[in-house]
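Let me begin by presenting the structure, written as structure tokens, before commenting on it.
The values are calculated or read from the model by the stated rules, or taken from the named source; none is laboratory data. It should be emphasised that the depicted structure is a prediction, and the values quoted were computed from it without experimental measurement. Neighbour counts are summed over all protein chains in view; Cβ atoms, including those assigned to glycine, are modelled from backbone coordinates with ideal geometry.
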Amino acid sequence: MKRILPFLVLGIIATTSLFSCKRKVDTTVNISNEYFPLEIGRFVTYRVDSTIWSSFDCANNTRFSHRYMMYTVADTFRDDQERLSYRIDVHARMEDTMAWTPYKVVYATLNPASVEVVESNYRFIKMVFPVKDGITWKGNTYIPAGDADNMDYLNWQYLYSNTGKSYFNGLATYDKTVTVNHVNDGINYNDADTTSSYADRTFSQEVYGYNIGMVYREVTNWDRQPGSCREGYTVTMRAIDHN
């Protein structure tokens, strides 16, 4: 199976001067980050659900798991380019009655043209400005190209859609959102349980709520060799609380 970047497996284990897209920023638009607010004390809590397939035992190859994660903007600092950046502390727990425990740290930098996020030592361009349907960019530009396994991710073309529309994430409805489509590829994936031919599926998407931040993430990656069964996973993150 194709190797998946560490940020994509979030929830399974237990996501300018650097902006290089050749797109001029529309200076007539009020550039702001209402869909990715960065203020100390802000938090969003998620329910994280995972479906994991294993080809080791095709008769019992599906497992399910869930946990909770809370992302909190905890502090600011200057990065190596002296840009104002934010430390986002991530805590996790298996049940909503358990105490939170530290899980990882994410870093975010707001630029005039984009929002960059460093997660699991990978840098992503999560959003660009203005936020408007049809705008595309290479969000994985800064993933190291030296590793051949990373090449597929460098080709992902991020795309804005459904700007300003309401969105139901399966648990709650958010009145004003924007969808960021990362990738939607696959072969024979609509016939996932037929074992006679090869199939694979790669899908990644995030939805951001106005003045909230990310309210939904779905990442799917699996393949199936002929004569075998699926191997891979689907992970969803659904916002359940925020301030």
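Some points to look at:
- Filtered residues of the range 73-83 (kept if surrounded by 12 or more Cβ atoms within 10 Å (Cβ to Cβ) and either at pLDDT below 95 or under 12 Å from Tyr103 (Cα atoms) (or both)): Asp79, Arg83
- Scanning the range 137-183 for residues that are under 25 Å from Arg238 (Cβ atoms) and hydrophobic (A, V, I, L, M, F, W, C) yields a count of 8.
- Number of the exception - Tyr198 against (1) buried (at least 17 other Cβ atoms within 10 Å of the Cβ); (2) in contact with an Asp or Glu (Cβ under 8 Å, 6 or more places away or on another chain); (3) aromatic (Phe, Trp, Tyr): (1)
- Under the condition of being closer than 15 Å to Arg224 by Cβ, of a type in the set (Gly, Ala, Ser) and in contact with a Ser or Thr (Cβ under 6 Å, 6 or more places away or on another chain), the residues counted in the range 37-62 number 1.
- Among the residues of the range 32-65, those that are buried (at least 17 other Cβ atoms within 10 Å of the Cβ), modelled with pLDDT of 90 or more and within 30 Å of Asn111 (Cα to Cα) comprise Tyr35, Phe36, Pro37, Leu38, Arg42, Val44, Thr45, Tyr46, Arg47, Val48.
- Residue among Arg238, Arg201 that is in a strand (DSSP E or B) and in contact with a Ser or Thr (Cβ under 8 Å, 6 or more places away or on another chain): Arg201
- Exactly one residue out of Ser228, Ser166 is farther than 22 Å from Thr45 by Cα and of a type in the set (Ser, Thr, Tyr): that is Ser228.
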